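Chemist: Mind having a look at this structure? Questions to follow.
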Amino acid sequence: MGKVVLGVTVGVAVAACAVAALVVGRRVRSRKKWKRVVGVLKELEESCETTVGRLRQVVDAMAVEMHAGLASEGGSKLKMLLTFVDNLPSGSEKGIFYALDLGGTNFRVLRVELGGQRSELDPDVEQQPIPEQLMTGRSEDLFDFIASSLHRFAEKGNDSVQSSIMKELGFTFSFPVKQTSVSSGVLIKWTKAFAIKDMVGKEVAGALQQALDRKGLNMRVAVLVNDTVGTLALGHYHDADTVAAVIIGTGTNACYWERTDAIIKCQGLLTTSGGMVVNMEWGNFWSSHLPRTSYDIDLDAESPNPNDQGFEKMISGMYLGDIVRRVVLRMSEESDVFGPVSSRLYVPFALRTPAMAAMHEDDSPELTEVAKILQDVLDISDVPLKVRKLVVKICDVVTRRAARLAAAGIVGILKKIGRDGSGGITGGRSRSDIKMRRTAVAVEGSLYTQYTMFREYLHEALHEILGEDIARHVVINVTEDGSGTGAALLAASHSSSGSVDNIQLV
Ligand code: ADP
Ligand code: MG
């Protein structure tokens with residue numbers, strides 16, 4: 001009997017040991033897996049590092065590339081395109097002006113009435129989708145359609161556009177254009193959903209003007225611009241210290257006011273103002289100082305435009321969510337902290353930036369929003385709290401890097417034009433010698449306006465790079481709808497009633 005009892009006891013003890021060993025084994029394994037995941041995060045953090053020192057190197061690189069792009073055509077990855085916009089709205093503009101904003105699946109028409117003295121802007125706006133067949137058909141059909149819409153819109157506003165008083169129109173056309181004057185430019189290529197073959201290499205504003213003429217509209221295309229230039233115009237209308245504009249939305253780009261004598265690639269460029277807006281196309285900026293990760297390299301390689309838009313791919317709303325997706329995928333493949341690898345994680349752009357931002361900004365104690373988005377968007381369920389915290393951290397690292405690089409880009413522009421307190425790119429003067437002028441930068445785009453953490457990180461980095469003494473002279477002004485309203489304002493400031501043909505090449 002005693003033996004039996006002993007036998008049972010020993011059996012139970014052996015079983016208990018086996019269970020304990022199993023539990024310990026599992027714990028060790030899961031600790032190892034957790035360690036691996038933490039390792040992935042650590043590696044991400046290290047390769048996304050943006051110390052002030054590194055940001056200053058990016059600032060310098062940006063200023064140097066700007067120089068190179070202005071020195072010769074193709075001298076830099078920064079195209080530094082001439083816009084021929086040689087004056088910016090001052091607030092004294094008067095009259096009724098129109099704008100047309102074409103850049104995506106929708107197009108908008110606007111009408112704004114200016115009363116001088118920086119009058120309140122309250123534009124009438126109408127938005128309309130472009131019928132799909134017109135995006136790939138003949139250019140004449142597209143522009144006839146646009147002209148008809150403009151006609152209807154103008155009549156509704158009780159402006160007789162067939163009257164003898166000509167109306168000026170600003171045309172925002174967000175496709176790559178080689179500008180030949182402030183009101184003309186040749187389409188280099190279509191992007192997005194557009195593919196109208198007969199238009200490539202043709203004059204864009206001219207095609208619109210012909211359609212307006214065919215409809216008998218007494219309107220003149222006064223300016224042809226892109227959205228950053230519109231943003232700068234709107235920023236300058238409200239704040240005369242505005243020297244640059246940055247767009248941080250789906251993509252990112254910047255433009256700024258440059259002295260014509262600094263635009264070396266265009267010898268003999270003369271404007272009465274002595275300056276001109278330069279469209280940097282900064283999304284394509286590249287420097288070896290940019291903190292690049294394996295995720296950036298993969299994202300670029302798998303994109304339709306490899307080796308292109310390198311800065312944009314680290315900064316803008318189109319890509320941030322996808323970088324986070326790639327990190328989560330890697331963690332999921334290397335461990336089971338996310339359960340079995342979800343097939344959704346393999347879908348490019350499955351995680352959009354607004355969803356990523358919502359996870360990042362989830363302030364609930366249990367991170368319920370993170371759990372919900374992981375479930376709804378990525379099909380990952382039952383994620384423990386500590387793993388949800390990890391996801392928030394990934395979002396934080398990716399967004400912080402993006403915002404800080406955008407800040408470095410902005411300071412790069414300020415440095416190029418001698419507004420960073422350092423005495424400009426050539427240096428020489430000490431910071432204390434410089435009397436820093438108030439300097440405003442107009443910013444637009446939902447990544448900046450809708451994503452609080454992004455905005456705060458950008459501001460923080462501006463202060464770190466510039467130092468408090470200089471940073472307090474730099475203001476960021478958010479503008480709304482520069483691509484529409486700004487174009488109408490530029491139509492006003494470049495209207496035929498004002499100074500015209502004051503740009504000469506000698
Ligand atoms: P676009 O750049 O297309 O002209 P927007 O300036 O509105 O238009 O930017 C849209 C982009 O901003 C979206 O593609 C998205 O990446 C990003 N975005 C929009 N809303 C948010 C948000 N709440 N949080 C973070 N990013 C956002
Ligand atoms: Mg936009």
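Chemist: Once whole DSSP H runs in the chain are found, which of them have Cα atoms spread over 18 Å or more along the helix axis and a mean Kyte-Doolittle score of at least -1.0?
Modeler: What comes out of the filter, once short or polar helices are dropped, is 2-47, 52-71, 139-156, 317-334, 385-416, 452-466.
Chemist: Continuing with the same structure: Could you tell me whether segment 295-380 comes out rounded, prolate or oblate from its Cα gyration tensor? Rule is a ≥ b ≥ c as square roots of the eigenvalues, rounded for a/c under 1.5, then prolate if a/b exceeds b/c, otherwise oblate.
Modeler: Because a/c hits 1.5 or more and a/b fails to exceed b/c, segment 295-380 counts as oblate.
Chemist: Shifting gears a bit: State, to one decimal in nm, how far the label point of D336 lies from the label point of D213, with both points 7 Å from Cα in the Cβ direction.
Modeler: 7.3 nm
Chemist: Let me ask you something else. Across bins of 20 angstrom width beginning at 0, how are the C-alpha pair distances of the chain distributed, in whole percent?
Modeler: 21, 47, 23, 5, 3, 1
Chemist: I would also like to ask the following. Starting from 0.36 nm per residue, how many nanometres of slack lie between F349 and K393 once their C-alpha separation is accounted for?
Modeler: Value of the extension gain: 13.9 nm.
Chemist: Filter the cross-link list K167/K415; K313/K435; K167/K202 down to pairs whose alpha-carbon distance in this structure exceeds 32 Å.
Modeler: K167/K415; K313/K435
Chemist: Then there is this: With viscosity set to 0.890 mPa s at 25 °C, what whole-number translational diffusion coefficient in µm²/s follows for segment 22-98 from Stokes-Einstein and a Kirkwood radius over Cα pairs?
Modeler: D = 134 µm²/s.
Chemist: Which value in deg cm²/dmol, rounded to the nearest 500, describes the helix-derived mean residue ellipticity at 222 nm for the chain, given -39,500 (n - 2.57) per DSSP H run of n ≥ 4 and division by the residue count?
Modeler: Helices in the chain give a 222 nm mean residue ellipticity of -14500 deg cm²/dmol.
Chemist: Right, another one. Please list the equivalent ellipsoid semi-axes of segment 267-421, computed as the square roots of five times the alpha-carbon gyration tensor eigenvalues, in descending order and whole angstrom.
Modeler: Its equivalent ellipsoid spans semi-axes of 38, 17, 12 Å.
Chemist: I've got another one for you. State the percentage of accessible surface on the chain attributable to carbon and sulfur atoms; use a 1.4 Å probe and exclude ligands, DNA and RNA.
Modeler: That fraction is 53 percent.
Chemist: Let me ask another. I need the shape label for segment 156-241. Rule: rounded when a/c is under 1.5, else prolate if a/b > b/c, else oblate, with a, b, c from the alpha carbon gyration tensor.
Modeler: oblate
Chemist: Counting heavy atoms of the protein chains only and a 1.4 Å probe, report the per residue accessible area for the chain as a whole number of Å².
Modeler: 44 Å²
Chemist: What nm value, rounded to one decimal, do you get for the distance between E140 and K202 when each label is placed 7 Å out toward the C-beta?
Modeler: It works out to 0.9 nm between the two label points.
Chemist: Where the centre of each part is set by its Cα atoms, how far does segment 342-411 sit from segment 170-228, in angstrom?
Modeler: 39 Å
Chemist: Equivalent ellipsoid semi-axes for segment 27-163, as square roots of 5 times the alpha carbon gyration tensor eigenvalues: give them largest first, rounded to whole Å.
Modeler: They are 48, 26, 19 Å, listed from largest to smallest.
Chemist: Would you work out the Kirkwood radius for segment 92-225? I mean one over the mean of 1/r across all pairs of different Cα atoms, in Å.
Modeler: Radius from the Kirkwood sum: 15.2 Å.
Chemist: Between N307 and I264, what is the label-to-label distance in nm when each label sits 7 Å out along the Cα-to-Cβ direction?
Modeler: Label at N307, label at I264, 2.5 nm between them.
Chemist: P(r) tail for segment 319-367, what percent of Cα pairs lie past 14 Å?
Modeler: Counting every Cα pair in segment 319-367, those more than 14 Å apart make up 55 percent.
Chemist: Determine which residues of segment 98-121 fall in the zone a paramagnetic label at S148 would reach in this model, i.e. backbone nitrogen under 16 Å from the point 7 Å along Cα→Cβ.
Modeler: 107
The values are calculated or read from the model by the stated rules, or taken from the named source; none is laboratory data. No experiment lies behind these values; they were computed from the predicted model shown. Neighbour counts run over all protein chains shown; Cβ positions are idealised from the backbone, glycine included. SASA here: full protein model, heavy atoms, side chains in, ligands and nucleic acids out. Shrake-Rupley method; radii C 1.70, N 1.55, O 1.52, S 1.80 Å.
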